[in-house]
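The values are calculated or read from the model by the stated rules, or taken from the named source; none is laboratory data. Note that the structure is a prediction, hence the values are computed from the model and not measured. Virtual Cβ from ideal backbone geometry, glycine too; neighbours counted across all protein chains shown.
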Amino acid sequence: MNSYYNRIKAFLVSLGVEEKLITPQADIINDLGLSSVDIVDLIFSIESAYDIKIPENSIGQMRTVGALIEHIKINVSPFLMEH
């Protein structure tokens with residue numbers, strides 16, 4: 001999870017989130033304060049970095065940083081893992 005976590009953390013910091021607030025349990029809206037525009041930017045960054053698609057109907061189910069990481073781990077191609 002470390003590589004995925006570090007990359008997601010970097011994406012979140014680039015959106016203006018304080019690094020100390022970012023934990024696997026952090027809620028991306030309530031704890032990190034992401035707006036809907038920030039969430040779209042985050043999803044786009046994840047999709048581009050890992051060559052995956054995150055369906056719009058599943059975004060609401062991924063409320064925490066850890067849930068985003070789990071989605072990536074499940075859906076990323078084995079050839080792109082941990083790069």
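Data overview
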read-out: Number of the exception - Asn6 against (1) more than 12 Å from the chain's Cα centre (by Cα); (2) surrounded by fewer than 13 Cβ atoms within 10 Å (Cβ to Cβ); value: (1)
read-out: Cross-chain or 6+ apart pairs with Cβ under 8 Å, region 6-18 first and within 14 Å of Asp38 (Cβ to Cβ) and β-branched (Val, Ile, Thr), then surrounded by fewer than 15 Cβ atoms within 10 Å (Cβ to Cβ) and modelled with pLDDT of 95 or more; value: Val13/Glu19; Val17/Gly33
read-out: Evaluation of Leu34 against (1) in contact (Cβ under 8 Å) with a residue 12 or more places away in the chain; (2) assigned to a helix (DSSP H, G or I) (one fails), failing number; value: (2)
read-out: Selection count where residues are assigned to a loop (DSSP other than H, G, I, E, B), within 18 Å of Ile52 (Cβ to Cβ) and β-branched (Val, Ile, Thr), scope region 1-26; value: 0
read-out: Residue list for region 48-65, filter: surrounded by 14 or more Cβ atoms within 10 Å (Cβ to Cβ) and either of a type in the set (D, E, K, R) or not in a helix (DSSP H, G or I) (or both); value: Ile52, Ile54, Met62, Arg63, Thr64
